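Enquirer: First the structure, then my questions, so here it is.
The values are calculated or read from the model by the stated rules, or taken from the named source; none is laboratory data. These numbers were taken from a predicted model, which means no experiment stands behind them. Note that each Cβ is placed from the backbone with ideal geometry, even for glycine, and that neighbours are counted across all protein chains shown. For accessibility, only protein heavy atoms count, side chains too; no ligands or nucleic acids. Shrake-Rupley method; radii C 1.70, N 1.55, O 1.52, S 1.80 Å.
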Amino acid sequence: VETLLPEHLRSGHVALRQAFNVIPAKRRMGAEREVKGVARDGTVLPLELALEPVVVDGGPHVIVVALDLRHRHAQRERISSVMDAASCTMVVVDAGGRIDFVNRAVTPLLGYTPEELLGRPVEDLVPEDLRVAHQVYRRSFALLPDVRAKGRSRTVTARHRDGHGVTVEATLDRIDLDGQTGVVATLVDLTERIETERALAARAHELERLNADLEQFSRGVSH
């Protein structure tokens, strides 16, 4: 069976196969990580496997069902290209709370490259003092039957790579990830908006002070 594997994986697979034969167990499709197979022409294929131990003529055998993932990968790449074109940051989180995808907009917002974040807990993007509470909120959102929570925006603080907080507007939407419920979080940087609002508030306060001074001066002149 090692003929169907890339050459550099063959020797290691022998030990794995022997260990499986000692304690054979059914493994459903999607339960294991992605593996690599090789076609007759040498093309390396991404595969997902299901294993079914059976007895044939009194001896143990294994039925292996292999699913070609190339179409899924191509579709994922198309979706990734669309999401990378977005100006806002989009983070896809799987059912276990780990980052499954993040677009390129995360770099100017939070300082990470997408590759640095893949597979990491989403709580790494949450301020340390809020991480425990965020785990509870994340699990509650996944189980919440009320669809009104879908698409609701909240102003929250995200953790930058260097540790400082970034105020963002977060919108959460449920999505299906290979049969399990995941979440896509859309993050919009509010830094510029907050600075503009502060500048306007300061300007308004200054105008109020000038108006008060002018009113006091007018009263003095009138007197």
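Enquirer: Could you give every pair whose Cβ atoms fall below 7 Å, whose first residue belongs to region 126-139 and is free of Cβ contacts under 8 Å to residues at least 24 places away in the same chain, and whose second residue is open to solvent by less than 60 Å² (accessible area, probe 1.4 Å), counting only separations of at least 6 or pairs across chains?
Expert: ARG131/GLU123; HIS134/GLU123; HIS134/VAL126
Enquirer: State the number of residues belonging to region 51-96 that are over 27 Å from the mean Cα position of the chain (by Cα), hydrophobic (A, V, I, L, M, F, W, C) and open to solvent by 90 Å² or more (accessible area, probe 1.4 Å).
Expert: The qualifying residues number 1.
Enquirer: Report yes if some residue within region 29-42 is among the basic types (Lys, Arg), surrounded by 11 or more Cβ atoms within 10 Å (Cβ to Cβ), free of Cβ contacts under 8 Å to residues at least 60 places away in the same chain and in a helix (DSSP H, G or I); otherwise report no.
Expert: no
Enquirer: How many residues are more than 15 Å from ASP100 (Cβ to Cβ), in contact with a strand residue (DSSP E or B) (Cβ under 8 Å, 6 or more places away or on another chain) and in contact (Cβ under 8 Å) with a residue 24 or more places away in the chain if we restrict to region 159-185? Even if it seems obvious, please write down each step before you answer.
Expert: First, the residues of region 159-185 that are more than 15 Å from ASP100 (Cβ to Cβ): 159-171.
If we keep only those that are in contact with a strand residue (DSSP E or B) (Cβ under 8 Å, 6 or more places away or on another chain) as well, we get 159-160, 165-171.
The next check asks that each one be in contact (Cβ under 8 Å) with a residue 24 or more places away in the chain; those that pass are 159-160, 165-168.
Adding up the residues that qualify gives 6.
Enquirer: Let me ask something else. Does at least one position in region 140-160 carry a residue that is modelled with pLDDT of 80 or more, of a type in the set (Val, Ile, Thr) and either part of a helix (DSSP H, G or I) or open to solvent by 100 Å² or more (accessible area, probe 1.4 Å) (or both)? Give the derivation first.
Expert: Start the filter on region 140-160 by keeping residues that are modelled with pLDDT of 80 or more, which leaves 140-141, 154-160.
Okay, now just the ones that are also of a type in the set (Val, Ile, Thr), so 155-157.
Restricting the remaining residues to those that are either part of a helix (DSSP H, G or I) or open to solvent by 100 Å² or more (accessible area, probe 1.4 Å) (or both) gives none.
Checked region 140-160: no residue is modelled with pLDDT of 80 or more, of a type in the set (Val, Ile, Thr) and either part of a helix (DSSP H, G or I) or open to solvent by 100 Å² or more (accessible area, probe 1.4 Å) (or both).
Enquirer: Take the residues of region 59-111 that are assigned to a helix (DSSP H, G or I) and charged (D, E, K, R): which is modelled with the highest pLDDT?
Expert: ARG70
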